[in-house]
Number of protein chains: 2
Amino acid sequence: MSSQFALNDVEVALSPQERFDEYLQSRGKRITQQRRVLVEHVFSRHEHFDADELMDALSKSTAKQAGGAQVSRATVYRGLEELVEAGLLRKMSLDGRAVYEHDYGYPQHDHLYCQQCQKLIEFQSQELTQLREEVAKEHNFRVTGHRLIVTGVCQSCATNRHRRLSPVDLI
Amino acid sequence: MSSQFALNDVEVALSPQERFDEYLQSRGKRITQQRRVLVEHVFSRHEHFDADELMDALSKSTAKQAGGAQVSRATVYRGLEELVEAGLLRKMSLDGRAVYEHDYGYPQHDHLYCQQCQKLIEFQSQELTQLREEVAKEHNFRVTGHRLIVTGVCQSCATNRHRRLSPVDLI
DNA sequence: CTCGGTGCAAAATCTTTGCACGCGA
DNA sequence: TCGCGTGCAAAGATTTTGCACCGAG
């Protein structure tokens, strides 16, 4: 494979950066330093994040390398919206806060959400997609997507909780 | 049946009002006019609502009947939190806004969410509960609940959209 | 009487927007 | 050069909190 990028499970023809450029050009939007930096950071690691965490990451990296462009909060919000538009990111709401995750070149999945440590654990289920279609058909509903979040306590939190119940934990 | 209340599909021994009183007493909290009015309105109709809609409903009814107590915004928020605590309401986040629905005496279900008219359509699926357990077991995850929202376009919106595309529709 | 409850207003969060300047195409 | 993009600050939207007074138990 020559220009094939492997993002986790799925292979796609273009890198996120290229894919975004394509999106921008198709809309007559411009490829700026800020948008470039944004995509670079967002796809440097596969993880869930919110606007604030991205801001932190951006400010930290720009502090190190003099060449890094500054990206204001407003631009981060505007950029994240574009990335969702472009199909690179998926947006979800958790406890009233917007959380993002990779979508481009990444398979459909859902989440287990630990109420103790706020961690998101991904899982896939093709049965769910099937179930989704059945329900939709019953209600003459045209599906565009879905979001399933199973809440509870993850293994490590359950373990730690059993070992010690110090008052400090209860915050 | 003597003191049996039928809230939709399930029968419970106490009315929401009574159930809430019980909760309050068990916590040493007081049964006030505001809390009473709150519960009364919340359970007068089975529908999804947010804090603002409840505020509207409250102000409208108090305007009519002189006896109705005023309930401030802060108290509404505090009250809704208690109702969730008490297991009478379920809270979910939709587009970053908190939305509530009846939980007490109401069966587990999930939702179809119309992105066009913001309507929530309920549906039940026992397969989902099953699927949920399987996934949890795989990840050694202790489940406390789940939330599935299937997004798309409802039947009526799909129909209307086809018939006319007046600019007025686009808010 | 005694606290918990309430209203009011201010604060806290998170996100969006108006505007003048700067930079990509 | 031309106009979109950006930063800044201010506005918005939603929810939470501090405080003095009120009222349920």
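The values are calculated or read from the model by the stated rules, or taken from the named source; none is laboratory data. Being a predicted model, the structure only gives us computed values, none of them experimental. Cβ atoms come from the backbone with ideal geometry, glycine included; neighbour counts cover every protein chain shown.
Identify the residue in region B:17-50 that is outside any helix (DSSP H, G or I) and either crowded, with 16+ Cβ neighbours inside 10 Å or of a type in the set (Val, Ile, Thr) (or both) and, among all such residues, is nearest to the chain's Cα centre (by Cα). Explain how you work it out, then say what you get.
Initially, region B:17-50 is screened for residues outside any helix (DSSP H, G or I), giving B:27-32, B:43-50.
Subsequent filtering for residues that are either crowded, with 16+ Cβ neighbours inside 10 Å or of a type in the set (Val, Ile, Thr) (or both) retains B:31-32, B:43, B:48-49.
Working: B:Ile31: 22, B:Thr32: 22, B:Phe43: 9, B:His48: 5, B:Phe49: 6 Å.
Among those residues, the one meeting the criterion is B:His48.
Which is surrounded by 13 or more Cβ atoms within 10 Å (Cβ to Cβ) and either at pLDDT below 90 or not assigned by TED's automatic domain parsing to the domain that holds B:Phe20 (or both), of B:Ala69, B:Ala86? Steps first, please.
Values: B:Ala86 fails: either at pLDDT below 90 or not assigned by TED's automatic domain parsing to the domain that holds B:Phe20 (or both).
Matching residue, one of B:Ala69, B:Ala86: B:Ala69.
Based on what the data block shows, is B:Lys91 charged (D, E, K, R) and either loosely packed, with under 13 Cβ neighbours inside 10 Å or away from DNA strand D (no atom under 16 Å from the Cβ) (or both)?
No: the conditions fail for B:Lys91.
Just to check your reading of the model, which residue among A:Glu138, A:Glu53 is surrounded by fewer than 16 Cβ atoms within 10 Å (Cβ to Cβ), free of Cβ contacts under 8 Å to residues at least 60 places away in the same chain, of a type in the set (Asp, Glu) and more than 16 Å from DNA strand C (Cβ to nearest atom)?
None of the others qualify; the one that does is A:Glu138.
Exactly one of these conditions fails for A:Thr75: (1) of a type in the set (S, T, N, Q); (2) surrounded by fewer than 16 Cβ atoms within 10 Å (Cβ to Cβ); (3) within 16 Å of DNA strand D (Cβ to nearest atom). Give me its number.
A:Thr75 satisfies all of (1) of a type in the set (S, T, N, Q); (2) surrounded by fewer than 16 Cβ atoms within 10 Å (Cβ to Cβ); (3) within 16 Å of DNA strand D (Cβ to nearest atom) except (2).
Hand me the list of strands (runs of 3 or more DSSP E) wholly inside region B:81-150 holding 1 or more residues that are at the interface with chain A (Cβ under 7 Å from one of its Cβ atoms) and under 19 Å from A:Gly145 (Cα atoms). Give the derivation first.
Numbers: elements: B:89-94, B:97-102, B:110-114, B:120-123.
Filter on region B:81-150 gives B:89-94, B:110-114, B:120-123.
Determine whether A:Ser44 is closer than 24 Å to A:Gly105 by Cβ and modelled with pLDDT under 95.
On the way: closer than 24 Å to A:Gly105 by Cβ: yes; modelled with pLDDT under 95: yes.
Here the answer is yes, as A:Ser44 does meet what is asked.
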